[in-house]
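The values are calculated or read from the model by the stated rules, or taken from the named source; none is laboratory data. Everything quoted here is computed from the prediction, not taken from an experiment. Methodologically, a virtual Cβ is constructed for each residue, glycine included, from the backbone with ideal geometry; neighbour enumeration extends over all protein chains shown. In case anyone asks, the SASA skips ligands and DNA or RNA and just uses the protein heavy atoms, side chains included. Shrake-Rupley method; radii C 1.70, N 1.55, O 1.52, S 1.80 Å.
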Amino acid sequence: MSISKDLTTHLRAIFFEANWTSVCLKEQLQDISCVEINKKVNDLNTILALTKPIGYYKARVLEVFNDIN
């Protein structure tokens, strides 16, 4: 298997399937309301604050893949 195919498979698993973290982000977050995403509990981070770096990472990876082609 090629490196690009391996990376694609891995990234798809992270966002859309059960993966090494045993969590499918799409499945876990799809039914959460905007109110719940932004709700702060005590001094803990919100769900939005916790997931924002994941979106940033995904955007940077896509930029790299686009530059390769």
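Which of these values of volume of the Cα convex hull per residue in Å³ was calculated from the structure shown: (i) 94; (ii) 113; (iii) 103?
Here the calculated entry is (iii).
Which order do ARG60, ARG12 take when ranked by solvent-accessible area (1.4 Å probe, heavy atoms of all protein chains), largest first? Display every interim value, and only then the final one.
Values: ARG60 85, ARG12 125 Å².
Descending accessible area places them as ARG12, ARG60.
How much accessible area does GLU63 have with a 1.4 Å probe, in Å² rounded to the nearest 10?
Here the accessible area works out near 90 Å².
Quick one: with all protein chains in place, what share of the accessible area of the chain is carbon or sulfur, to the nearest percent (1.4 Å probe)?
Working: 3510 of 5890 Å².
C and S fraction of accessible area: 60 percent.
Say each of PHE65 and LYS39 gets a label point 7 Å from the Cα, pointing the same way as Cα to Cβ; how far apart are those two points in nm?
Taking the two extended label points, one gets 3.4 nm.
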